[in-house]
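Here's the structure we're looking at; comments come further down.
The values are calculated or read from the model by the stated rules, or taken from the named source; none is laboratory data. Since the model is a prediction, treat every value here as computed from it, not as a measurement. Counting neighbours? That spans all protein chains shown, and the Cβs are built from the backbone with ideal geometry, glycine included.
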Amino acid sequence: MFFNITEFIPSLSLYVLLDEDAKPSKFLMLISASVSMAHLFLSLSDQGWYHIATITGKIQRDIAFIISDLVLLSINMMELSKMRIMRRDTEGKEMGINTKELMNVVHDL
């Protein structure tokens, strides 16, 4: 029941991210990433590691839950890092620093 109720939060964040006109909330992204991490930890600590290591039990179910939580976690983390880069970019413009060019130079190294 816990997983069914809390899965609503990452689903909501994904819905917001899919709408190109919506501006995602940092709070929603952080909560969603936290829920995905909690799901990963709880599902693996319950029986997931045992099922995967011994190749017994409901392996497909465990792997499906792990993959979906990893995907949602990575999407939220990418969005949060994009928000951070955009914030840094606007702060850099105020100080006369073009952080996009700086990031490109660092990336090329």
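Here is how the numbers come out for the structure above:
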item: Yes/no for PHE65 being assigned to a helix (DSSP H, G or I) and out of contact with any helix residue (DSSP H, G or I) (no Cβ under 7 Å at 6 or more places or on another chain); result: no
item: Residue in segment 7-25 that is farthest from the chain's Cα centre (by Cα), counting only those that are surrounded by fewer than 16 Cβ atoms within 10 Å (Cβ to Cβ) and polar (S, T, N, Q); result: SER25
item: Exclusive hit being free of Cβ contacts under 8 Å to residues at least 12 places away in the same chain and assigned to a helix (DSSP H, G or I), set SER43, SER74, SER36; result: SER74
item: Residue satisfying condition, being of a type in the set (S, T, N, Q) and touching a Pro at 6+ places or on another chain (Cβ under 9 Å), within set SER32, SER45; result: SER32
item: Those residues of segment 26-62 which are small (Gly, Ala, Ser), modelled with pLDDT under 80 and surrounded by 12 or more Cβ atoms within 10 Å (Cβ to Cβ), in sequence order; result: SER43, GLY48, GLY57
